[in-house]
1. Once the Cα gyration tensor of the range 49-288 is diagonalised, what are the square roots of 5 times its eigenvalues, in whole Å and ordered largest first, as equivalent ellipsoid semi-axes?
2. What net charge do the residues around ILE182 carry, taking every other residue with its C-beta under 10 Å from that of ILE182, with Lys and Arg at +1 and Asp and Glu at -1?
3. Mind ranking 200-208, 136-144, 53-61 by how tightly packed they are, going by the mean number of other C-beta atoms within 10 angstrom, highest first?
4. For GLN281 and ALA176, FRET efficiency with R0 = 25 Å and r from the beta-carbon atoms, rounded to 0.05?
5. If you take the beta carbon distance between GLU245 and ASN66 as r and set R0 to 30 Å, what does 1/(1 + (r/R0)^6) give as a FRET efficiency, to the nearest 0.05?
6. Sort out for me the Cα centre separation of the range 78-112 from the range 219-244, rounded to whole Å.
7. Mind giving me the nanometre distance, one decimal, between the label points for ASP85 and ALA136, set 7 Å out from Cα along Cα→Cβ?
8. Calculated FRET efficiency, THR266 and ASP291, Cβ-Cβ r, R0 22 Å, to nearest 0.05?
Amino acid sequence: MVFKRTAGSNMVKALILALLPVALAFASCPSGECEETAVVQVRKSGRSKRDLMIGYWAWAWEGAANTIPGPANQTMGICFSGYTDAQTNLNFCISEGVIPYICSGSDVTCTKWMTVGGAGTTTDRTVLSGAVGLAASIRSAGFDGVIFDSEYVEAQSTSTDLVEDFYEATANLSSAGLMVGITTSHSAPLGCTNCNAAEVVKGWLADPNLDWISPQLYSNGYSLELVPTSDCSTESPACTWDIYENAIVQIVPSVPYAYMYDQASTNAVDYFKDTYNITLQGYIQWIQEVDSSFNPDPSPSPSPSPKGYYGRKKWFGR
Ligand SMILES: *[C@@H]1O[C@H](CO)[C@@H](O)[C@H](O)[C@H]1NC(C)=O
Ligand SMILES: *[C@@H]1O[C@H](CO)[C@@H](O)[C@H](O)[C@H]1NC(C)=O
Ligand SMILES: *[C@@H]1O[C@H](CO)[C@@H](O)[C@H](O)[C@H]1NC(C)=O
């Protein structure tokens, strides 16, 4: 796990807490050398599947009464509403009573996130600066981070303008004590007005203030799709997955079911490693279930219906 810009974040706090007993135990060590060894040991022994980021998109429109708290191993609980601007999303997360509920199903350290955008809305300079202006309220409402769901984006006039607007937003949110993530449709926004989607994503992937990016590896929400965004995959430059090679930002795809991340016969981890030498850092689960570990490979019978009921009677499609 790369700790690049985490001052004030819960991750650092968790790490400091985890290391505290060791640091105390070696407080009397005269050389300092033994403390260093101990720290390395703690980090190594803690390095397991648990270090992966495991997020859960909680559909806020279900309301607190029906929002499932998500899997026990989730490290990020997300209030997902789908409105354009930060203020409306914040109001909705509050009025639906979802904020205390996200992460409540987790038995590991879990950070709380609020989305801005999605559901056909467009991320532009106004949306980005609006989120910055609301940073203090987002913090005090109980969130640790903000996620821009940017499936349609609009630049002032060039890709560079939009990347600079994102950089300004991530830097300001970060200095306001919030973590920042971006999620998009497959490999890149499917709509990019006044911009080229691949250029914008390349900008995101090089942003030192962005904690992670989550390509959504699905269209209808229940089957895994590893194709890049078709709208920009033939543009020049193309938004094919190779633009994700050498990213400094952690890549945490969104998948319908947890097992699709690394257990299905065709899974995200193997695909990205074998095809692009990209190491994924975790996943975000879309399906509204506590346990989505079952594996219907090779193919379920009867096959899942896009409009079917799943788990605790939640509609799949939206
Ligand atoms: C971000 O912070 C800088 C420096 O404090 C400030 O000049 C700028 O207006 C801020 N941007 C937004 C979108 O609020
Ligand atoms: C794959 O990436 C790793 C680290 O990112 C690097 O050490 C290794 O050489 C790469 N492998 C290939 C075949 O490029
Ligand atoms: C998290 O839990 C799910 C079951 O709910 C399981 O399928 C998945 O493998 C777990 N992920 C990790 C990284 O432990």
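1. Details: eigenvalues 122, 102, 46 Å².
They are 25, 23, 15 Å, listed largest first.
2. My count for the surroundings of ILE182 gives -3.
3. 53-61, 200-208, 136-144
4. Details: r = 24 Å, r/R0 = 0.96.
Efficiency, from the Cβ-Cβ distance: 0.55.
5. Values: r = 41 Å, r/R0 = 1.36.
Computed FRET efficiency for GLU245 and ASN66: 0.15.
6. Value for the Cα centre distance between the two parts: 28 Å.
7. Modelled inter-label distance: 1.9 nm.
8. Working from the Cβ atoms, E equals 0.55.
Laboratory data are not the source of any read-out in this text; all were calculated from the coordinates shown. The structure presented is a predicted model; accordingly, all values stated were derived computationally and were not measured. Neighbour counts are summed over all protein chains in view; Cβ atoms, including those assigned to glycine, are modelled from backbone coordinates with ideal geometry.
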